[in-house]
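The values are calculated or read from the model by the stated rules, or taken from the named source; none is laboratory data. Being a predicted model, the structure only gives us computed values, none of them experimental. Here the Cβ positions follow ideal geometry from the backbone for every residue, glycine too, while neighbour counts run over all protein chains shown.
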Amino acid sequence: MAMRPIGDVYKLIPGDALAVFKELFSPVQYDKIIQSFRIERRTTFRLNTLKSTKREVMDYLRNNKFKFQEINFIDNAFILEKKDGIKLLKTDLAVSGKIYLQTLSSMLPPIALGVEQNERILDLASAPGSKTTQIAALMNNTGIIDAVEPNFIRIERLRHNINLLGVTNTTVTQADGNKFCVEKANYYDRVLLDAPCSGDGRFNIYDRKSYGNWRKNMAERCSNIQKKLLRSALTSVKPGGTVVYSTCAINDVENEGVVNSILESGDFKIEIENINIPRLEGDYVTEGLARAKENKYSRDMRKCLRILPSNIMEGFFVCKIKKV
């Protein structure tokens, strides 16, 4: 496992972000976060059950000398034991859409959403389609998925992945998520909002893109967009339906701060629900924060799920909300 000197973390990762982490988390958690930034993360991927089977994929990997392990807390997910990600991308499995390279953390929101067959689902801010296609597979291409993405460049990647992975129950719409939801009030059974964010949970010094665009106050700017999108998501879901809000950030401003602001507003009747993913455990699995620095949040924030960065997981936040 490749590992860079600890000094490189402090040299490359923005100091303002590290200061936030140090204030939010315990000394032990902070040290583990710092250590994760200097370790090259291993490649993870999932089987696309719309096109293949576990036996076919595992036989192919063994026959082609890939060393891998199954992930016990996510069905049909795998991790490579060594740096073979580029090699895997060139295989028939990847080229034909039988597998899809995706981080383990980003597989969690669709699982938390708890979709059932023949439901109406909205995936808001859906490009590049990792979670859209995962939801389609979980539904076995039944029901209806509306995948909404405002960016015309990113939407082409979304369409490509939907076609590659054999998804047939999804309609792609280029639109502002807030405007789209106005005409879809109380329409969907479940809504996934994997919101645009600062991405501070993705920091890794082996990937300059993960930290190179981060700026101070980015969390505050993103949170304004996130609050509007979450309101739109809650508008579009039916009473009794579920919204899952997630980000690849680990600061509280973009996570507990966003959800708590909706709770306190009283504009929606909502309940925060527990997230139960069997066998998901480890010191990188934590609950949401009821208090962060000078910010005090609802105790229900503890029902949320925060994944701290590790050698196999990106930092992530997931919150499951029921509209009453």
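Kindly provide the set of residues from the range 55-86 that are over 25 Å from the mean Cα position of the chain (by Cα) and within 22 Å of GLY282 (Cβ to Cβ), ordered by number.
Once the filter is applied, which keeps residues that are over 25 Å from the mean Cα position of the chain (by Cα) and within 22 Å of GLY282 (Cβ to Cβ), the range 55-86 yields only LYS67.
Restricting attention to the range 132-142, report how many residues are touching a residue at least 40 places away in the same chain (Cβ under 8 Å) and either among the polar types (S, T, N, Q) or crowded, with 24+ Cβ neighbours inside 10 Å (or both). If you could, list the steps in order and put the result at the bottom.
Pass one, the range 132-142, residues touching a residue at least 40 places away in the same chain (Cβ under 8 Å): 133-137, 140-141.
If we keep only those that are either among the polar types (S, T, N, Q) or crowded, with 24+ Cβ neighbours inside 10 Å (or both) too, we end up with 133-136, 140-141.
Final tally of qualifying residues: 6.
When the residues of the range 143-159 are filtered to those that are exposed (fewer than 15 other Cβ atoms within 10 Å of the Cβ) and touching a residue at least 24 places away in the same chain (Cβ under 8 Å), which remaining residue is nearest to LEU50 (Cα to Cα)?
The extreme case among them is ARG157.
Determine whether SER265 is polar (S, T, N, Q) and in contact with a helix residue (DSSP H, G or I) (Cβ under 7 Å, 6 or more places away or on another chain). Outline the logic, then answer.
Details: polar (S, T, N, Q): yes; in contact with a helix residue (DSSP H, G or I) (Cβ under 7 Å, 6 or more places away or on another chain): no.
The answer is no for SER265.
Quick check: anything in the range 217-231 assigned by TED's automatic domain parsing to the domain that holds ASN178, among the hydrophobic types (A, V, I, L, M, F, W, C), out of contact with any strand residue (DSSP E or B) (no Cβ under 9 Å at 6 or more places or on another chain) and surrounded by 21 or more Cβ atoms within 10 Å (Cβ to Cβ)?
Of the range 217-231, the ones assigned by TED's automatic domain parsing to the domain that holds ASN178 are 217-231.
If we keep only those that are among the hydrophobic types (A, V, I, L, M, F, W, C) too, we end up with 218-219, 222, 225, 229-230.
Going one step further and asking which of them are out of contact with any strand residue (DSSP E or B) (no Cβ under 9 Å at 6 or more places or on another chain), we end up with 218-219, 225.
Next, only the ones that are surrounded by 21 or more Cβ atoms within 10 Å (Cβ to Cβ) stay: 218-219.
Looking for residues that are assigned by TED's automatic domain parsing to the domain that holds ASN178, among the hydrophobic types (A, V, I, L, M, F, W, C), out of contact with any strand residue (DSSP E or B) (no Cβ under 9 Å at 6 or more places or on another chain) and surrounded by 21 or more Cβ atoms within 10 Å (Cβ to Cβ), one finds at least one in the range 217-231, hence yes.
Of all the helices (runs of 4 or more DSSP H) wholly in the range 87-191, which have at least 2 residues that are closer than 30 Å to LEU280 by Cα, modelled with pLDDT of 95 or more and touching a Gly at 6+ places or on another chain (Cβ under 8 Å)? I'd like the intermediate steps shown before the answer.
Working: elements: 92-95, 104-113, 130-138, 152-164, 177-182.
Ranges flagged: 152-164.
Restricted to the range 87-101, and to residues that are within 18 Å of SER130 (Cα to Cα) and surrounded by fewer than 19 Cβ atoms within 10 Å (Cβ to Cβ), which residue is nearest to the chain's Cα centre (by Cα)? Lay out the reasoning, then the answer.
First, the residues of the range 87-101 that are within 18 Å of SER130 (Cα to Cα): 88-89, 93-101.
Of the ones still in play, those that are also surrounded by fewer than 19 Cβ atoms within 10 Å (Cβ to Cβ) are 89, 94-96, 101.
Numbers: LEU89: 21, ALA94: 21, VAL95: 23, SER96: 24, LEU101: 13 Å.
Applying the filter and picking the extreme gives LEU101.
For the range 108-121, check the following and say yes or no: at least one residue is in contact with a Lys or Arg (Cβ under 9 Å, 6 or more places away or on another chain), crowded, with 21+ Cβ neighbours inside 10 Å and over 22 Å from ASN72 (Cβ atoms).
Yes, the range 108-121 contains at least one residue that is in contact with a Lys or Arg (Cβ under 9 Å, 6 or more places away or on another chain), crowded, with 21+ Cβ neighbours inside 10 Å and over 22 Å from ASN72 (Cβ atoms).
Of everything in the range 103-129, what is farther than 19 Å from LEU305 by Cα and touching a Phe, Trp or Tyr at 6+ places or on another chain (Cβ under 7 Å)? Give them in sequence order. Give the derivation first.
Of all residues in the range 103-129, those farther than 19 Å from LEU305 by Cα come to 116-129.
Matches in the range 103-129: ARG120, ILE121, LEU122.
Among the residues of the range 58-80, are any in contact (Cβ under 8 Å) with a residue 24 or more places away in the chain, of a type in the set (Asp, Glu) and outside the structural domain of ILE277 (by TED's automatic domain parsing)?
Checked against the condition, which is being in contact (Cβ under 8 Å) with a residue 24 or more places away in the chain, of a type in the set (Asp, Glu) and outside the structural domain of ILE277 (by TED's automatic domain parsing), the range 58-80 yields no hits at all.
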